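Here's the structure we're looking at; comments come further down.
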Number of protein chains: 2
Amino acid sequence: MTETLRPGQTIGILGGGQLGRMLAVAASRLGLNCHVYDPAPGGPAAEVCAASTTAAWDDEAALRAFAGAVDVVTYEFENVPAASLDLIESLVPIRPGRRALAVSQDRIDEKQFLQNLGLTTAPFAQVDDATTLDAALSRIGAPAILKTRRFGYDGKGQARIMTPGDAAGALAEIKDAPAILEGFVDFSHEVSVIGARGIDGAVACFDPGENRHEDGILRETIVPARLSASQRTDAVLLAARILTALDYVGVMGVELFVTPRGLVVNEIAPRVHNSGHWTQNGCLIDQFEQHIRAVAGWPLGDGARHSDVTMENLIGDDIDRILEIAGTQSAIHLYGKAEARPGRKMGHVNRLTGPAAR
Amino acid sequence: MTETLRPGQTIGILGGGQLGRMLAVAASRLGLNCHVYDPAPGGPAAEVCAASTTAAWDDEAALRAFAGAVDVVTYEFENVPAASLDLIESLVPIRPGRRALAVSQDRIDEKQFLQNLGLTTAPFAQVDDATTLDAALSRIGAPAILKTRRFGYDGKGQARIMTPGDAAGALAEIKDAPAILEGFVDFSHEVSVIGARGIDGAVACFDPGENRHEDGILRETIVPARLSASQRTDAVLLAARILTALDYVGVMGVELFVTPRGLVVNEIAPRVHNSGHWTQNGCLIDQFEQHIRAVAGWPLGDGARHSDVTMENLIGDDIDRILEIAGTQSAIHLYGKAEARPGRKMGHVNRLTGPAAR
């Protein structure tokens, strides 16, 4: 393949959930086809794609056929096994590149990478067992939070330690997995920056959004976020520094804590991000199209915000209210999931709350 | 079925072109599935749908299977044969209903319907042969335009008559098909109103857009249109009168000539319309979602315009400039057509030209 895809060429997407679905819709606008790979059948993305593969991550024949059928591969899911990626990468380019995935798959590597860039993170220590957890607690103090190094999402794989006496219970809760102890950060609120970097090195960041969580799951993102002008600039510069350091191609979500002493990086996600869903109705070009443009080697689009937006996730049986919500002034984005389990993200809605300040 | 579709139910779409493609994408946002029926394989819509049928309009078995697989049927193409619609309608509801289709399929019925509503149209007369054409020309005068009663689009099936001497040539050009002679209307510009009517009778119209044609094909739609406040009100009231008279459910395009003596109705299209593509980037809810909401029995959405927009069609080899266009501040919407023939609509772009006046 060449660096730049032409209309009619195909992007492979690893992971077939709602992020893959919205990436595929964005690609269709640019005349690009998508082919989704996911171990589970009938996911949200396959419904809107011309092609999909249902096969395990270790199915070498399926991975080879998939790589042979596409012109570039991206992912909506950062925990694809390294061996699968090795095989794919031997056949077709992967964007964003492997370094971003490696860094974000491991919470300790991620924090080390961020600190090496001169960015502030929560204090942290590696935890492998009860002994290292005791040492970490002595250094960092309680309250703190114990997280698995890998495979965490939506508050899963986490346990709070309010006093040292909670240590044994916390280790049991995460099933003695390799872990990180993170000190609590005294923050007023969380914001995220959705940044994009093109294959030419150009960087474009969407306006930061302010996130509100419930039970460890994102509930709302409100744009504009409560930030001073200098904080807003800091947030964007910091995201750009991360993107450039990783020679990144695509969209990344960067979660930041706002504290009296500045911005603290919580975590990075090497993909389109739930806190960027507001861009679908607040900007000419949304995060999904921005990612597809980058991965396809196209110029980044105009991500300027035309409106203030509140994005609300529809979680579990929120979906039962869908016709009532349809009667309000909001744009609905459902993921086509048949079963509404508690805590499951079923869709989201965007409400415009006014014109953007210009 | 009930009047109202739930997420997971399926809308059948007759016609699998770009309008069907954009309807299917809008339906996916609402968690609704689409099943496209088209005689030609590999059209733009099938690529973004979970299900499609490729079969002739007179394939009864295929029509029955299609009707059995969907919960309601709509169309993106108004020239589906009546016999096919009869069969489908015996099995599943069609929205918008048959009356709108019948009226818009025949230029004489359409003009008669509009005049019966008290609306102004171009002067017209029925033409069946050279004799009736001569009589029509005596009454209406030249210049005038001879159009086939049925199956015209993008300027096809039309011939101009500048002087009575052009009559024979014009009849030959439209191959002696049953025809209508329309007098020229002295208009300054053309606008169109994209109107929607819900199953509950609620009407919502998008702001009128101003259309610029080249070689009989829409080239640009500019919003806002040049209209006085009272013309703007007239345009919307007139569209609402048409929708209500037809007990219409869905989106309709109404083309209007702006003249010194008021608005003259050019034609109506009982479907989403090229001149409404600007709504994809100028409004929270676009014409495609508005149509799907109506057809699914959902409440109409918020079609207020947040931005001024210029929509430009990409026709024929315009598509070769796509990467150059991607580098400008515009939203690209391609239709996934492989071959760029002259005059073929390959996609469109929307440019935001400023915030809407509020």
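The values are calculated or read from the model by the stated rules, or taken from the named source; none is laboratory data. Fair warning: this is a prediction, and the values are worked out from it, not measured in the lab. Heads up, the Cβs are rebuilt from the backbone with ideal geometry, glycines too, and the neighbour counts pull from every protein chain shown. Keep in mind that these areas ignore ligands, DNA and RNA; they rest on the heavy atoms of the full protein, side chains included. Shrake-Rupley method; radii C 1.70, N 1.55, O 1.52, S 1.80 Å.
Observations
- Top-ranked residue in the stretch B:52-67 [being open to solvent by 50 Å² or more (accessible area, probe 1.4 Å) and in contact (Cβ under 8 Å) with a residue 24 or more places away in the chain; ranked as nearest to B:LEU101 (Cα to Cα)]: B:ASP58
- Qualifying residue in the stretch B:327-338 (condition: among the charged types (D, E, K, R), touching a residue at least 60 places away in the same chain (Cβ under 8 Å), in contact with a strand residue (DSSP E or B) (Cβ under 7 Å, 6 or more places away or on another chain) and at the interface with another protein chain (Cβ under 9 Å from one of its Cβ atoms)): yes
- Single residue of the stretch A:147-171 satisfying the filter (of a type in the set (Lys, Arg) and modelled with pLDDT under 90) that is nearest to A:ILE108 (Cα to Cα): A:ARG150
- Members of the stretch B:138-170 that are among the aliphatic types (A, V, I, L, M) and either open to solvent by 20 Å² or more (accessible area, probe 1.4 Å) or assigned to a strand (DSSP E or B) (or both): B:ILE140, B:ALA142, B:ALA144, B:ILE145, B:LEU146, B:ALA159, B:ILE161, B:MET162, B:ALA168
- Test: residue in the stretch B:70-88 that is within 11 Å of chain A (Cβ to nearest Cβ), in contact with a helix residue (DSSP H, G or I) (Cβ under 8 Å, 6 or more places away or on another chain) and at negative phi: no
- Residues (crowded, with 17+ Cβ neighbours inside 10 Å and assigned to a helix (DSSP H, G or I)) located in the stretch A:121-135: A:LEU133
- Yes/no for A:ALA331 being touching an Asp or Glu at 6+ places or on another chain (Cβ under 7 Å) and among the hydrophobic types (A, V, I, L, M, F, W, C): no
- Matching residues in the stretch B:1-28 - criterion: being open to solvent by 10 Å² or more (accessible area, probe 1.4 Å), of a type in the set (Gly, Ala, Ser) and within 20 Å of the chain's Cα centre (by Cα): B:GLY17
- For the condition touching an Asp or Glu at 6+ places or on another chain (Cβ under 9 Å) and surrounded by fewer than 24 Cβ atoms within 10 Å (Cβ to Cβ), A:LEU323 does not qualify.
- The condition of being hydrophobic (A, V, I, L, M, F, W, C) and within 21 Å of A:GLY347 (Cβ to Cβ) holds for only one of A:VAL203, A:VAL272, A:VAL249, that being A:VAL272.
- Qualifying residue in the stretch B:231-238 (condition: more than 18 Å from B:MET311 (Cα to Cα) and of a type in the set (Ser, Thr, Tyr)): yes
- Checked against (1) within 14 Å of another protein chain (Cβ to nearest Cβ); (2) polar (S, T, N, Q); (3) under 18 Å from B:TYR248 (Cα atoms), B:THR10 passes all but condition (3).
- Within the stretch A:29-43, tally of residues that are at the interface with chain B (Cβ under 9 Å from one of its Cβ atoms) and open to solvent by 10 Å² or more (accessible area, probe 1.4 Å): 2
Residues are listed down the side, and each one gets a yes or a no for (1) within 25 Å of B:ALA326 (Cα to Cα); (2) of a type in the set (Phe, Trp, Tyr); (3) within 9 Å of another protein chain (Cβ to nearest Cβ); (4) open to solvent by 40 Å² or more (accessible area, probe 1.4 Å):
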{"site": "A:CYS283", "(1), (2), (3), (4)": "yes, no, no, no"}
{"site": "A:ASP317", "(1), (2), (3), (4)": "no, no, no, yes"}
{"site": "A:LYS345", "(1), (2), (3), (4)": "no, no, no, no"}
{"site": "A:THR353", "(1), (2), (3), (4)": "no, no, no, yes"}
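- Total residues in the stretch A:44-54 satisfying the condition of being over 20 Å from the mean Cα position of the chain (by Cα) and either more than 9 Å from chain B (Cβ to nearest Cβ) or hydroxyl-bearing (Ser, Thr, Tyr) (or both): the figure is 4.
- Criterion (away from chain A (no Cβ under 14 Å), under 21 Å from B:ALA225 (Cβ atoms) and buried (at least 21 other Cβ atoms within 10 Å of the Cβ)) met by exactly one of B:VAL349, B:VAL309, B:VAL251, B:VAL264: B:VAL251
- Subset tally (residues that are open to solvent by 10 Å² or more (accessible area, probe 1.4 Å) and within 14 Å of the chain's Cα centre (by Cα)) for the stretch B:269-281: 3
- Condition check for B:ALA245 on (1) buried (at least 18 other Cβ atoms within 10 Å of the Cβ); (2) modelled with pLDDT of 95 or more; (3) more than 14 Å from every other protein chain (Cβ to nearest Cβ): one failure, at (1).
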